[in-house]
Structures are given as C-alpha cells and as structure tokens.
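K.L.:
Structure in structure tokens, see below.
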Amino acid sequence: MTPPNSAESGPPMSPVQALESRHLLQTYRRIPVVFTRGEGVYLYDDSGRGYLDLVSGIGVASLGHANPVLAAALSDQARTLLHTSNLYYHALQGKVAARLTALSALPRVFFCNSGTEAVEACLKFARRFWHTSGDLGRTGFVALDHAFHGRTLGSLSITWDEHYRTPFEPLLGGVQWVSATDPAALDAAVSSSTAAIIVEAIQGEGGVRPLGTEMAAAIQRARQRTGALLIADEVQCGLGRTGTAFGYQRLGLQPDLAAIGKALGGGVPVGAALVSQAVADAVSFGDHGTTYGGNLLACRAALVFLEALTDGGLLDHVRDVGEYFGTGLRALAAKHPVVREVRGAGVMWGLDLAEDASQYVEAAFEQGLLINRTANTVIRMLPPFVITRAEIDRALTILDHVFTACAGEPAAS
C-alpha cells in the first residue's frame with residue numbers, strides 16, 4: 001500500500017519528506033518545507049530562505065527562535081541535571097509555581113507536559129472536588145460552541161467540532177454545548193449537576209473569537225447560583241499573549257482552575273494546571289501524576305520566559321505591539337472587502353474572510369510569511385511576543401499584496 005504522502009501520490013519529495021512518508025503515522029498535512037534553523041521571528045528552510053513567522057509553532061515560540069538567553073539556560077541545565085521524577089524534590093518547581101501563582105491568583109500548581117494534559121488535569125480535579133464534597137452526581141461539564149480544548153479523550157469530549165470527536169466516540173458523557181453569544185442558554189445549561197464550566201477568553205482554534213463581557217457576566221451569575229466551578233483554558237490566550245497575564249483577567253473573571261501551556265516553555269514542552277485552594281484541598285496523594293511533568297529542563301525554560309514576561313518588560317511590549325498590530329489589521333480590513341472581521345488582542349489575531357482562507361495562507365507562504373488557517377475562513381496569527389513594529393509592518397505589507405492578488409482586486413497604482 002502506498003503511504004498517503006509518498007512520491008507516487010504527488011510531486012517529488014525531499015529526502016526528509018520521503019523518510020517521514022515511510023515511517024511516520026500520517027496524522028499531519030504538512031506544508032512542503034523543511035526548516036533547519038530560526039532566529040528571532042524568522043525561520044529558515046534548507047535552502048536558506050527566510051520566512052517571517054506569525055505562527056510561532058502554534059503559539060509556542062514566545063521568546064522567538066534561538067533566543068540566546070533561553071538557549072544558554074537550557075545548555076547549562078542539560079549539563080547539570082535534566083530529570084529526577086516527581087519522587088524527589090528539586091529547586092526549580094517551587095520557583096516557577098511561585099511566579100505562576102502570583103500572576104494568576106490561583107495558589108496551587110500541577111505541572112505536566114502540554115496544554116492538553118493541563119486541560120485533562122483540570123477536568124479530573126473538578127470531578128475530584130465534587131467527589132470529595134460528597135456530591136457524586138455532579139459530573140457534567142458546560143462548554144461553548146467553537147471551543148477547542150485538546151485531543152486526549154477528556155479534552156476531546158469538550159471540544160465542539162464533531163469532526164474531531166465523532167471517530168473516537170463514545171467520549172465523556174454529560175457535556176452540554178451552548179452558544180458563546182447566548183447568556184440565557186448558558187444560564188439554562190448550568191445546573192446542580194454541573195461540575196464545571198470551561199471557557200477560553202479568546203477561542204483560538206475555533207477562529208480567534210473573544211468571549212463577550214455579557215457572556216462573562218452570565219458565567220459569573222451561573223457560578224453564584226449553582227456553585228459550579230470555572231475552568232479557564234488559557235493554553236493559547238494566556239501567559240501574556242493578549243496583553244494581560246491571563247485572558248480571563250480581561251473579562252473580570254477569577255476561575256477555580258486554569259490550564260496553561262504553549263508560551264510557557266518558549267519551545268520546551270511544559271504545561272500546568274493552576275487551581276484554587278478549595279480545589280487543592282479536595283485532591284489527595286496519588287490522584288494524578290506524570291513522569292516528565294515539572295522536570296528541571298522544562299522548569300528552567302519556564303523561568304526564563306516568566307522572568308522575561310514580568311521583570312524583562314515583555315508584557316508591556318506585547319501591549320504596545322498588539323495595539324499597533326490591531327490598528328494595522330483594521331486598516332487592511334477597511335481596504336480589502338474580503339476581510340469580514342478583525343478579532344483578537346495583543347499578539348493573538350484572526351482575520352475572518354468571506355471565503356476559505358487556504359489560498360491566502362498559501363500565497364503568504366510563497367511571499368515568505370507564515371500564517372495559518374483555522375475554522376475554515378480565519379487567518380490566525382500568533383507571532384512570537386518579541387515581534388517588533390518593523391516586523392509587523394513587513395507582515396502587513398505582505399498581507400496587503402496577498403489580499404489584492406487572491407481576492408482579484410486591482411493593484412494599487
């Protein structure tokens with residue numbers, strides 16, 4: 001049987017592509033480029049061509065590529081000690097946790113390896129809270145339309161798009177979906193059987209859709225009425241990406257649990273579940289665990305990022321370039337009718353188009369700009385936090401050319 005991405009089913013492949021096509025499970029539709037190095041907000045392919053990267057590994061390369069401070073810290077840690085397991089103490093977990101609790105106002109941290117694992121941990125801890133409380137019927141979750149929370153069985157169960165869920169059913173039961181723009185529907189869905197409501201302050205994979213203040217108020221009322229916990233999925237919109245430490249802070253919400261990942265390690269896999277003291281008090285030894293979570297390498301990376309975010313002024317930088325980027329994108333939208341809406345904040349932006357976004361992503365790639373498509377019609381941009389105004393200007397210029405070419409508009413005279 002010919003592998004799906006073999007040379008027989010398309011144009012000739014590079015040796016890297018050919019090797020992958022023979023041995024890797026084919027779960028990704030990759031763009032046919034091989035990147036070999038990075039620097040700042042640029043990636044370089046095996047021919048030496050540079051690309052302005054507004055994807056940043058899907059929101060991961062928060063400090064840019066080959067950040068010298070991060071590289072030095074990881075090199076030092078690798079020469080010292082990488083991993084001991086959670087059977088023992090080491091000096092870094094507490095330091096990272098202290099910074100995260102100060103930023104989030106959630107006093108307890110469970111380290112894991114990814115955002116999906118962090119969501120999974122939050123789901124477990126929410127259920128554990130009610131089990132410890134003696135309310136064994138309180139197992140349901142309320143989630144929002146267009147939500148994406150991950151691909152493990154638990155996080156997949158609260159991911160909205162059926163195309164992700166259907167091949168793996170049956171999943172967790174007791175999940176109710178409500179429109180993110182219908183406060184009354186949320187109020188009706190949350191009941192005494194709801195363990196937790198889970199929300200993204202800005203939905204990422206679902207199309208860069210910010211949660212409205214009316215919906216945030218409805219969530220708060222439902223919590224007060226029923227006691228349901230709130231899980232904030234901050235994997236994509238958290239840790240400074242929107243210009244605040246966490247997206248929920250923009251909405252005046254204080255969750256009981258929060259899931260983080262992506263930006264935290266600057267490229268090193270790390271995630272965490274942040275929990276309130278009440279939830280922490282309900283958790284017992286052995287309730288959850290991880291072999292790699294919170295290892296020294298991941299914690300060292302997280303410390304470098306968190307120090308840059310707060311002590312290094314990176315959060316202020318995100319606010320500045322985010323406002324500049326948003327102004328430029330809105331100007332593009334006013335010029336190009338194909339852009340229906342500009343959504344986002346900080347360095348998390350989406351352009352909702354009047355048609356499928358695929359050809360625009362491909363055209364941008366040909367011009368040396370990396371963006372990606374989500375929710376079919378949305379161009380999503382998650383650049384490194386360190387992007388400059390000059391680099392934003394270059395991205396906007398390329399996007400201007402792309403919209404003119406792909407939408408069949410007359411070129412400027």
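The values are calculated or read from the model by the stated rules, or taken from the named source; none is laboratory data. All of these numbers come straight from a predicted model, not from anything done at the bench. With ideal geometry, Cβ positions are generated from the backbone for all residues, glycine too; neighbour counts draw on all protein chains shown.
K.L.:
Kindly indicate whether any position in segment 108-115 is free of Cβ contacts under 8 Å to residues at least 40 places away in the same chain, assigned to a loop (DSSP other than H, G, I, E, B) and not charged (D, E, K, R).
P.N.:
Within segment 108-115, not a single residue is free of Cβ contacts under 8 Å to residues at least 40 places away in the same chain, assigned to a loop (DSSP other than H, G, I, E, B) and not charged (D, E, K, R).
K.L.:
Search segment 169-180 for residues being within 21 Å of the chain's Cα centre (by Cα) and part of a loop (DSSP other than H, G, I, E, B), and hand back the single one that is nearest to residue 219 (Cα to Cα).
P.N.:
My answer is 180.
K.L.:
Keeping to segment 311-326, report how many residues are closer than 16 Å to residue 398 by Cα and not hydrophobic (A, V, I, L, M, F, W, C).
P.N.:
1
K.L.:
Going by what's in this entry, would residue 330 be described as part of a strand (DSSP E or B) and touching a residue at least 12 places away in the same chain (Cβ under 8 Å)?
P.N.:
For residue 330, the condition - part of a strand (DSSP E or B) and touching a residue at least 12 places away in the same chain (Cβ under 8 Å) - is not met.
K.L.:
Would you confirm whether or not segment 145-164 contains a residue that is of a type outside the set (Asp, Glu) and either more than 20 Å from the chain's Cα centre (by Cα) or part of a strand (DSSP E or B) (or both)?
P.N.:
Within segment 145-164, not a single residue is of a type outside the set (Asp, Glu) and either more than 20 Å from the chain's Cα centre (by Cα) or part of a strand (DSSP E or B) (or both).
K.L.:
Separate question: Looking only at segment 382-407, count how many residues are surrounded by fewer than 19 Cβ atoms within 10 Å (Cβ to Cβ) and outside any helix (DSSP H, G or I).
P.N.:
Selection size over segment 382-407: 2.
K.L.:
What residue, among those in segment 159-188 that are hydrophobic (A, V, I, L, M, F, W, C) and touching a helix residue (DSSP H, G or I) at 6+ places or on another chain (Cβ under 7 Å), is nearest to residue 226 (Cα to Cα)?
P.N.:
Within segment 159-188, the match that is nearest to residue 226 (Cα to Cα) is 186.
K.L.:
When residue 218 is evaluated against the numbered criteria (1) aliphatic (A, V, I, L, M); (2) in contact (Cβ under 8 Å) with a residue 24 or more places away in the chain; (3) touching a strand residue (DSSP E or B) at 6+ places or on another chain (Cβ under 9 Å), which criterion, by number, is the only one it fails?
P.N.:
Of the numbered conditions (1) aliphatic (A, V, I, L, M); (2) in contact (Cβ under 8 Å) with a residue 24 or more places away in the chain; (3) touching a strand residue (DSSP E or B) at 6+ places or on another chain (Cβ under 9 Å), the odd one out for residue 218 is (3).
K.L.:
Another one. Looking at the structure I just gave you, is residue 355 within 16 Å of residue 54 (Cα to Cα), surrounded by fewer than 19 Cβ atoms within 10 Å (Cβ to Cβ) and charged (D, E, K, R)?
P.N.:
Against the criterion (within 16 Å of residue 54 (Cα to Cα), surrounded by fewer than 19 Cβ atoms within 10 Å (Cβ to Cβ) and charged (D, E, K, R)), residue 355 does not qualify.
K.L.:
Considering only residues that are touching a residue at least 60 places away in the same chain (Cβ under 8 Å) and under 18 Å from residue 241 (Cα atoms), which ones fall in segment 91-104?
P.N.:
Correct list: 99, 100, 101, 103, 104.
K.L.:
Quick one: which of 287, 320 is in contact with a helix residue (DSSP H, G or I) (Cβ under 9 Å, 6 or more places away or on another chain), among the charged types (D, E, K, R) and within 29 Å of residue 219 (Cα to Cα)?
P.N.:
Being in contact with a helix residue (DSSP H, G or I) (Cβ under 9 Å, 6 or more places away or on another chain), among the charged types (D, E, K, R) and within 29 Å of residue 219 (Cα to Cα) holds for just one of 287, 320, which is 287.
K.L.:
Against the conditions (1) farther than 30 Å from residue 188 by Cβ; (2) assigned by TED's automatic domain parsing to the domain that holds residue 106, where does residue 227 fall short? Just the number, please.
P.N.:
Condition not satisfied by residue 227: (1).
K.L.:
Here are some conditions: (1) of a type in the set (A, V, I, L, M); (2) in a helix (DSSP H, G or I); (3) surrounded by 19 or more Cβ atoms within 10 Å (Cβ to Cβ). Residue 379 meets all but one. Which one does it not meet?
P.N.:
Just one mismatch for residue 379, condition (2).
K.L.:
Does residue 364 count as in contact with a strand residue (DSSP E or B) (Cβ under 6 Å, 6 or more places away or on another chain), at pLDDT 95 or above and either surrounded by fewer than 20 Cβ atoms within 10 Å (Cβ to Cβ) or outside any strand (DSSP E or B) (or both)?
P.N.:
The answer is no for residue 364.
Condition check ((1) over 30 Å from residue 376 (Cβ atoms); (2) small (Gly, Ala, Ser); (3) out of contact with any Leu (no Cβ under 6 Å at 6 or more places or on another chain)) across all residues:
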position: 83; (1), (2), (3): yes, no, yes
position: 97; (1), (2), (3): yes, yes, yes
position: 110; (1), (2), (3): yes, no, yes
position: 123; (1), (2), (3): no, no, yes
position: 126; (1), (2), (3): yes, yes, no
position: 151; (1), (2), (3): no, no, yes
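K.L.:
From the residues in segment 367-376 that are in a loop (DSSP other than H, G, I, E, B) and free of Cβ contacts under 8 Å to residues at least 60 places away in the same chain, which one is farthest from the chain's Cα centre (by Cα)?
P.N.:
For segment 367-376, the residue satisfying everything is 367.
K.L.:
Name the pairs: first residue in segment 282-301 and at positive phi and at pLDDT 95 or above, second residue crowded, with 21+ Cβ neighbours inside 10 Å and not acidic (Asp, Glu), Cβ to Cβ under 7 Å, at least 6 apart or on different chains?
P.N.:
Here the result reads 294/111, each pair linking segment 282-301 to a residue that is crowded, with 21+ Cβ neighbours inside 10 Å and not acidic (Asp, Glu).
K.L.:
Considering segment 117-155 alone, what residues qualify as being of a type outside the set (Lys, Arg), surrounded by fewer than 21 Cβ atoms within 10 Å (Cβ to Cβ), out of contact with any Asp or Glu (no Cβ under 9 Å at 6 or more places or on another chain) and under 28 Å from residue 291 (Cβ atoms)?
P.N.:
If the condition is that a residue be of a type outside the set (Lys, Arg), surrounded by fewer than 21 Cβ atoms within 10 Å (Cβ to Cβ), out of contact with any Asp or Glu (no Cβ under 9 Å at 6 or more places or on another chain) and under 28 Å from residue 291 (Cβ atoms), then 131, 139 are the ones that fit.
Okay, residues lined up against (1) among the polar types (S, T, N, Q); (2) more than 20 Å from the chain's Cα centre (by Cα):
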| residue | (1), (2) |
| --- | --- |
| 76 | no, yes |
| 90 | no, yes |
| 93 | yes, yes |
| 111 | no, no |
| 115 | no, no |
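K.L.:
Let me ask another. Checking residue 349 against (1) surrounded by 19 or more Cβ atoms within 10 Å (Cβ to Cβ); (2) assigned to a helix (DSSP H, G or I); (3) touching a residue at least 24 places away in the same chain (Cβ under 8 Å), only one condition comes out false. Which one?
P.N.:
Only one criterion in (1) surrounded by 19 or more Cβ atoms within 10 Å (Cβ to Cβ); (2) assigned to a helix (DSSP H, G or I); (3) touching a residue at least 24 places away in the same chain (Cβ under 8 Å) is unmet by residue 349, namely (2).
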